[in-house]
Amino acid sequence: MIKISGIYKSFGNTPVLKNISTEFQPGKTNLIIGKSGAGKTVLLKLLVGLIAPNEGQIFYNQIDFLHIKKKDLRTLRMKVGMLFQGSALFDSLTVEENIRFPLDMFTEMTKKEKSARVNTCLNRVSLDGINAKFPSELSGGMQKRVGIARAIVLNPSYLFCDEPNSGLDPKTSLVIDELIKDITIENNMTTIINTHDMNSVMEIGENVILLHEGEICWQGNKDEIMSSDNEILHDFIFASPFLQRLRNAAISNGFHK
Amino acid sequence: MVITKLLNHLGKYLILMGNAFSKPEKTSMYYKEVIRQMHDIGVGSLIIVFIISLFIGAVTAIQFAYQLDGTLVPDYYIGYVVRDMTIIELAPTITCLVLAGKVGSNMASEIGGMRQKEHIDAMEIMGVNTAAYLIMPKVLAAVVIIPILVAIAAFVSIGGGFIASVPTGLLSGQEFVMGLRSFFMPYNVFMMFVKSLVFAFLLTSISCYQGYNVKGGSIELGKASTNAVVISDIMILLADYLIAVVLI
């Protein structure tokens, strides 16, 4: 579980996050949503320690993440996997070398064991046999899946995904969403996803946090979205006229409220 | 304002170097990277170092022969001057200035590109000390391989001097060799290696610092690459002066 309280972050005199407090539960897909500039990426970077907040606390279970010793931080980092928006695969390494990198760096596994682990991860993301390919030879969706394989290779307890569906078609996005959800349940991970994709919200949103102007303005699950009275949430989720008509039709047909 | 900015950069540079030279997570991974960098810097720079040294030696010999024309200074001094100019100044300084352009800009672009593509963030999140993994092998490889390149440059440069002066009849081969053997001070060779070590450290660490701290897009990456070369060159010349003051 990850718990944050009283997080405040500003860049110069511009506050980006104001008094953010919430919990991210294990075994669930936690989604952070919001308009561009709402502070989603900043919150995700704070959670993984790429930037530090001005105020507030972050706890990984009982561990105070902001005051952790360097040695303990390294141990904790090995329990963290992250999928980046652009996949962040190392261009000069093959798919196998990319996935094997954390194993090479942090484990004493034999070459055979590492190879087996890499193949297991590739199999898990349905990409068997592409070990020798370079990232530039893969499609966007495949790169994301390789990114997921690398993120899970050390069996992490925490998985962070920054815009996992950006640049992907709706069908591939669904595949990625399902994959992340399944992996979360299989490994009982605490998964935090930063997304704009409303399909993801409605498909895998077990704990959805809406950020608006640096504050949490709504929190709930996908089933509670339709019945919510929160105007900001509705403006965001049903932004297009088509979706608004769909929602009105659903309500008038008695599906919700 | 400028002094504050300079001190700010100096502080950040020293902190980065402190992090870069901390204990590696896994020595074997760093060892592999050092070997790769030694190959890239050493073998990759051999041709350019060879060409530049050959011409520098040749030009030094011809220029000095021109200066000697009509004087009472014996011709074998051409060999002596080519040797000492090469060992004391030209081989370490010119080679490292050239390497700042070739190797330094490459390092700044490589690390800066990794910063922009979030590769460094990805490594940080994995728990890798990115300063150490990305910078230490480059600096270690450079301080091992660049003195060797400088020594090669010195030999080639003297060879260049020989080629430019002996076959063209400026002096005989015997005279050139006599000049090479005259007034030889092994201390100068020591100075050459001290210079090459210091310059190697400066050019790699400054270039890595520039790349590591890239913010923004391709224009900023280009600027970082240029800054890496310009600042490395200035610092090499400054260090050259200081070493000359201290060691002579």
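Rounded to the nearest 10 degrees, the angle from helix A:111-124 to the longest Cα principal axis of chain A is 30 degrees. Principal axis extents of the Cα atoms in region A:149-188, from largest to smallest and rounded to whole angstrom, are 28, 16, 13. Scaled against 2.2 N^0.38 Å for its residue count N, the alpha carbon radius of gyration of region A:1-72 is 1.10.
Percent of Cα pairs in region A:60-158 per distance bin of 10 Å, from zero to the largest separation: 16, 46, 27, 11, 0. Take each residue of peptide A:78-86, count the partner chain Cβ atoms within 10 Å of its Cβ, and average: the result is 3. Between beta-carbons, use under 14 Å as the cut-off and find the net charge around B:G18, counting Lys and Arg +1, Asp and Glu -1. Every neighbour counted, the sum reads +3. Here the Debye sum runs over all C-alpha atoms of region B:130-212 as equal scatterers in vacuum, and log10 of I(q)/I(0) at q = 0.19, 0.22 Å⁻¹ comes out as -0.86, -1.00. Secondary structure note: in the protein assembly as shown, about 50% of the DSSP beta bridges are antiparallel. Only the Cβ atoms of Lys and Arg (+1) and of Asp and Glu (-1) were treated as charged; on that basis the dipole of region B:1-120 about its Cα centre amounts to roughly 680 debye.
Restricting attention to chain B, lysine pairs at least eight places apart or on different chains and with alpha-carbon atoms under 15 angstrom apart total 5. Database remark: amide H of A:K79 closer than 5 angstrom to no amide H (H placed geometrically; neighbours at sequence offset of 5 or more, or on other chains; Pro and chain starts carry no H). Kirkwood analysis of the Cα pair distances in region A:130-173 returns a hydrodynamic radius of 11.6 Å. Seen from all directions on average, region A:105-147 presents a Cα convex hull projection of 3.4 nm². Neighbours of A:T184, meaning other residues whose beta-carbon lies under 11 angstrom from its beta-carbon, give a summed charge of -3 when Lys and Arg score +1 and Asp and Glu score -1. Where only DSSP H runs of four or more residues are counted, the protein assembly as shown gives -19000 deg cm²/dmol as its mean residue ellipticity at 222 nm, each run worth -39500 (n - 2.57). Sorted on the mean count of surrounding Cβ atoms within 10 Å across their residues, most packed first, peptides B:111-121, A:5-15, B:97-107, A:133-143 read B:97-107, B:111-121, A:133-143, A:5-15. If I build a Gaussian network model for chain B, linking alpha-carbon pairs within less than 10 angstrom, which residue out of B:F193, B:F64, B:F183 has the largest mean-square fluctuation? Comparing B:F193, B:F64, B:F183 in a Gaussian network model of chain B, the most mobile one is B:F183. Measuring max minus min along each principal axis, the C-alpha atoms of region A:1-146 give extents of 48, 34, 29 Å (largest first). Heavy atoms of chains A and B lose about 1900 Å² of accessible surface on contact, summed over both sides with a 1.4 Å probe. I need to check one value: relative contact order of chain A, counting alpha carbon pairs closer than 8 Å and at least 6 residues apart, in percent. Answer for chain A is 26 percent. Taking chain A as a Gaussian network of alpha-carbon nodes connected by springs under 10 Å, the highest mean-square fluctuation of the residues A:L174, A:L154, A:L50 belongs to A:L50. Here the convex hull built on the C-alpha positions of region B:1-85 has a volume of 193 cubic angstrom per residue. Can you give me the pair-distance distribution of the protein assembly as shown, C-alpha pairs, 20 Å bins, whole percents? Computed distribution, short to long bins: 20, 42, 24, 12, 3, 0.
Its Kirkwood hydrodynamic radius, worked out from the mean inverse distance over all distinct Cα pairs, puts region A:81-139 at 12.0 Å. Each Cα pair of region A:79-218 feeds into the Kirkwood radius, which the Stokes-Einstein equation turns, at 10 °C and 1.306 mPa s, into a diffusion coefficient of 102 µm²/s. Normalised per residue, the accessible area of the protein assembly as shown is 47 Å², obtained with a 1.4 Å probe and no contribution from ligands, DNA or RNA.
A probe of 1.4 angstrom, applied to the heavy atoms of all protein chains, finds B:S28 with accessible area near 60 square angstrom. The alpha-carbon atoms of region B:81-193 define a convex hull whose volume equals 97 cubic angstrom per residue. With the full set of protein chains in place, find how many percent of the accessible area of region B:82-241 is carbon and sulfur; take the probe as 1.4 Å. Carbon and sulfur: 72 percent of the exposed surface of region B:82-241. Shape summary of chain B, radius of gyration then Dmax from alpha carbon positions: 20.8, 71 Å. Each Lys or Arg adds one and each Asp or Glu subtracts one; over the other residues with Cβ under 12 Å from the Cβ of B:M38, this totals +1. Just so you know, the averaged projected area of the alpha carbon convex hull for region B:79-121 sits at 3.3 nm².
Calculated over chain A, the projected area of the Cα convex hull averaged across directions stands at 15.0 nm². Remark: region A:239-246, residue by residue, has Karplus-estimated 3J(HN,Hα) of 5, 8, x, 4, 5, 5, 5, 5 Hz, where x stands for each Gly or Pro and the curve is 6.51 cos²θ - 1.76 cosθ + 1.60 at θ = phi - 60°.
The values are calculated or read from the model by the stated rules, or taken from the named source; none is laboratory data. For clarity, every value in this text was computed on a predicted model and none was experimentally measured. Ideal geometry is used to build each Cβ from the backbone, glycine not excepted, and the neighbour counts take in all protein chains shown. Remember, those area values only see protein heavy atoms, side chains included, never the ligands or the DNA or RNA. Shrake-Rupley method; radii C 1.70, N 1.55, O 1.52, S 1.80 Å.
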